[in-house]
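S.K.: Have a look at this one before I ask anything.
The values are calculated or read from the model by the stated rules, or taken from the named source; none is laboratory data. All values derive from a computational prediction rather than experimental measurement. Cβ placement follows ideal geometry from the backbone for every residue including glycine, while neighbour counts extend to all protein chains displayed. Just so you know, the surface numbers come from the protein's heavy atoms only, side chains and all, with ligands and any DNA or RNA stripped out. Shrake-Rupley method; radii C 1.70, N 1.55, O 1.52, S 1.80 Å.
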Amino acid sequence: MLPDIQFVQRPGVIEFGWGHLAAELLPHTELLRAATWTLTNDAPAALTYGFAQGPGRLIAWLAERMAITESELMITGGTSQALDMLCKHLSQSGDVVLVEAPTYHLALRIFRDYKLRPVMLPGDQQGVHVTAVATLVKLLRQRGERIAFLYLVPSFRNPSGVTLSAERRAELARLATALELTIIEDEAYAELWYDLPPPPPIASFAPGSMLIRLGSFAKVLAPGLRLGWMQASSLIQRCISSGMLDSGGGVNHFTAHVVLALLRAGDFEPHLLRLRDGLRVRRDTLLIALARTMPRGVTWRPPLGGFFVWLRTPPTIDTTALLPIAEAAGVSYIPGERFYAGSGGRHELRLAFSLLSEADLIEGARRLGKVLREAG
């Protein structure tokens, strides 16, 4: 029989590789209440074909919360579906896509589906270097290259946890206008801050420009909802005029109504606070365990939000080659090279803390520390 879910739990292995939410962090009660209310009170609207842009009431709620106009928004099937749709509308086979180093590894998969060529940009703990963006854009265009867009995860980046500073966000917004460069900011983790909220989105610094912002309910409610949103300006009408939406109606229309019911009931903010608290405890547990178990030469920075801790190992350790040894010892992770287009990441790895219990985080850190110590 085929499996029901993406996650695979291997016996005896502590799985740091999956950036999923633990079952106890999902809003089961709130979603049950919202689904019951929707089927009892809103069934005719929720069960028919939806408006291509998405349910007007949900768009209105989002627009008010984000302080933007409703015409700038559309509902999507999460950020992955939105990114796939944007590749179709904005790119041609062989185009360059500018990305951070490192970047979200499954975005790279989507870009490869469209035969795009990711080119990586340098950065630091304040995010991507804006001067490097400007220089590279001009150089590539002088060589006759077509740049489809710049893709960023500006808040608590997957995998490194880095957040783009407010100053660089403003600089990138100005650069996008000056160079006519489309920028896609994937804000999947922006709500999941544990100490301070991230700076305002890049799109807020240049309204109506070539800036596109993606958001999702996957990380803050449940990934199975497959529901998100896109903020753009002129591109919205182009996207909702597609044959797919004309034929099928709005994306995940019933799910959108259930989420709308949850939001209008006032259940979202209390859940979000509980989610942040639960993730903060997991983050702190893992950080304490790493401090106790990692050998000398392994470094990391405490993430201020998101799901991940990004480890750097000494140059003598290849994290890709080490993975089978780690899994034989009962612990798994994602090697750093998967987050790079081309070379890079051989001495880095990503640990996800969002799915595991505190006990597993502690034991997983112990097992990984032992493997790294023996490898060094």
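S.K.: Give the residues of the range 330-376 that are open to solvent by less than 60 Å² (accessible area, probe 1.4 Å), β-branched (V, I, T) and more than 27 Å from F111 (Cβ to Cβ), sorted by residue number.
M.R.: Those that are open to solvent by less than 60 Å² (accessible area, probe 1.4 Å), β-branched (V, I, T) and more than 27 Å from F111 (Cβ to Cβ): V331, V371.
S.K.: Do you know which residues across the range 214-226 are assigned to a loop (DSSP other than H, G, I, E, B) and within 18 Å of L73 (Cβ to Cβ)?
M.R.: Listed by number, the residues that qualify are F217, A218, V220, L221, R226.
S.K.: Just checking: which of the helices (runs of 4 or more DSSP H) contained wholly in the range 227-322 hold 2 or more residues that are open to solvent by less than 30 Å² (accessible area, probe 1.4 Å) and within 22 Å of F156 (Cβ to Cβ)?
M.R.: Ranges flagged: 268-293.
S.K.: Hey, another quick one. So which helices (runs of 4 or more DSSP H) are wholly in the range 1-99 and hold at least 3 residues that are closer than 30 Å to S332 by Cβ and in contact (Cβ under 8 Å) with a residue 12 or more places away in the chain?
M.R.: The qualifying helices (runs of 4 or more DSSP H) are 78-90.
S.K.: Further, regarding this structure: How many residues are outside any helix (DSSP H, G or I), under 22 Å from the mean Cα position of the chain (by Cα) and in contact (Cβ under 8 Å) with a residue 40 or more places away in the chain when one looks only at the range 323-356?
M.R.: Of the residues in the range 323-356, 16 are outside any helix (DSSP H, G or I), under 22 Å from the mean Cα position of the chain (by Cα) and in contact (Cβ under 8 Å) with a residue 40 or more places away in the chain.
S.K.: Just to check your reading of the model, which residue among R274, R264, R292 is of a type in the set (K, R), within 23 Å of the chain's Cα centre (by Cα) and either farther than 21 Å from G50 by Cα or at pLDDT 95 or above (or both)?
M.R.: Criteria check complete, one pass: R274.
S.K.: Let me ask you something else. Can you name the number of the only condition in (1) open to solvent by less than 40 Å² (accessible area, probe 1.4 Å); (2) hydrophobic (A, V, I, L, M, F, W, C); (3) more than 17 Å from the chain's Cα centre (by Cα) that A178 fails?
M.R.: Failed condition: (1).
S.K.: Something else: So, I212, is that one in contact with an Asp or Glu (Cβ under 6 Å, 6 or more places away or on another chain), crowded, with 24+ Cβ neighbours inside 10 Å and within 30 Å of L26 (Cα to Cα) or not?
M.R.: Judged against the criteria, I212 is not a match.
S.K.: Do you know which residues across the range 152-175 are in contact (Cβ under 8 Å) with a residue 40 or more places away in the chain, among the small types (G, A, S) and open to solvent by 10 Å² or more (accessible area, probe 1.4 Å)?
M.R.: Selection gives S160, G161.
S.K.: Let me ask something else. Can you find, within the range 187-213, the residue that is farthest from the chain's Cα centre (by Cα) among those that are in a helix (DSSP H, G or I) and of a type outside the set (S, T, Y)?
M.R.: Of everything passing the filter in the range 187-213, F205 is farthest from the chain's Cα centre (by Cα).
S.K.: Determine whether the range 104-111 contains at least one residue that is modelled with pLDDT of 95 or more, under 25 Å from T76 (Cβ atoms), assigned to a loop (DSSP other than H, G, I, E, B) and among the basic types (K, R).
M.R.: Within the range 104-111, none of the residues are modelled with pLDDT of 95 or more, under 25 Å from T76 (Cβ atoms), assigned to a loop (DSSP other than H, G, I, E, B) and among the basic types (K, R).
S.K.: Suppose we filter the range 357-376 for residues that are under 30 Å from L221 (Cα atoms) and free of Cβ contacts under 8 Å to residues at least 24 places away in the same chain; how many remain?
M.R.: Of the residues in that region, 1 qualify.
S.K.: Just name the residue that is surrounded by the fewest Cβ atoms within 10 Å (Cβ to Cβ) out of those in the range 112-151 that are in a helix (DSSP H, G or I) and among the aliphatic types (A, V, I, L, M).
M.R.: Checking each candidate, the answer is L139.
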